[in-house]
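Before any comments, here is the structure.
No lab work stands behind these numbers, since they all come straight from the coordinates. Keep in mind that what you see is a predicted model, and the values were worked out from it rather than measured. Glycine also receives a Cβ, built like all others from the backbone with ideal geometry; neighbour counts cover every protein chain displayed.
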Amino acid sequence: MEPDEAADVLGDLSPEMAANAIAEMEDAEVVIPLLSYPDETAGGLMTTAVLSLSPHKTAHEAIEILRAETPGSDIPYYLYVVDEEKKLMGVVGLRDLIVAQPEMVVQDFMDPDVRFATTEMDQEDVAHMMVRYDLAALPVVSDDGVLWGVITHDDSMEVLEEEATEDIYRLANVSDADLSIDSSIGLSVKRRLPWLFLSALTALFASWVITRFESVIAQVALLAAFLSVVAGLGGNTATQSLAIIVRAIALGEIEFRHAWKTVLKESAIGLIDGIAVGLVVGVGVYLWTDNYIIGIVLCLALIVNMFVAAIAGTLVPLFLKAIGQDPALASSVVVTAITDSVGFAVFLGMAAYALTVWS
């Protein structure tokens, strides 16, 4: 096994079983250092099977070293240059090594501007760095610059898949990204049921808001038929903003010092969408019911609710990210509770006012 894969297996074993396995290993010394790093860090993701060169070797000597080492096909097409203290100095591509004159010294044709990760860097940040700079491999160094290992492209893709799965699940109110279609019924219920209880509580709160306007609904029962319109369009608007913001945060496209620009943009989009949809729905309801008061009230309620929904879908994930939580937790449970409650209160509140004025 590769050192990083062996470390993953040992980490899943009990301490006694892991100790017994290490005692039987031939090259335990290359695996043991990896066990000290958390799984979700660069140190836990890296492999120590990395080839390095001295800056004073010639191109011919470097190629002879490669022939002697006979690296496997999974070794990346980068060779890292280190000094006598194993501190990272630069990187050399295999193509550069092959086309260099045999007598040229590695230090003369290496690239000193090398991207690297530290052992404590979060694995998601590592994966994003590799994607951003289109790297097949990324060296991992200690705080003092010593080369410890390398993270390969396939490992970073696995991280991105895990993180994407986690975000999708959380947006769908599933907190455990390890759940799959093959998970047992008991485990699936255990992990999914708490979110449904939370959803029930938020739905009951929205229902409580409706009960505050029982007298209004009693006077105009037709209002109840349009509550789902207000809730549905508010929820869809919030979900659109939420999906865009969570993706932008995950890809590092939002800088918090400029987040206010994003909030203004999304709120403007929500307002414009609300005006467009509100006018169309309001006119449609008037033609359908022949009641212009309901049409006007529904139009205004949609404008306000879709505006608020866009703001909520933007601010909630940004707030969670600011306090160190996963922004994907700003799922439909949280945002829907806001949009439903605000939408019902605005719609029924405006209807109550209209009945008072025009009755």
Selected residue (criterion: farthest from GLY93 (Cα to Cα)) from residues of region 1-45 that are assigned to a helix (DSSP H, G or I) and among the acidic types (Asp, Glu): GLU16
Can we say GLU124 is in contact with a helix residue (DSSP H, G or I) (Cβ under 6 Å, 6 or more places away or on another chain) and of a type in the set (Asp, Glu)? yes
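When you look at VAL285, is it buried (at least 22 other Cβ atoms within 10 Å of the Cβ), under 21 Å from the mean Cα position of the chain (by Cα) and of a type outside the set (Gly, Ala, Ser), yes or no?
Spelling it out, it is not the case that VAL285 is buried (at least 22 other Cβ atoms within 10 Å of the Cβ), under 21 Å from the mean Cα position of the chain (by Cα) and of a type outside the set (Gly, Ala, Ser).
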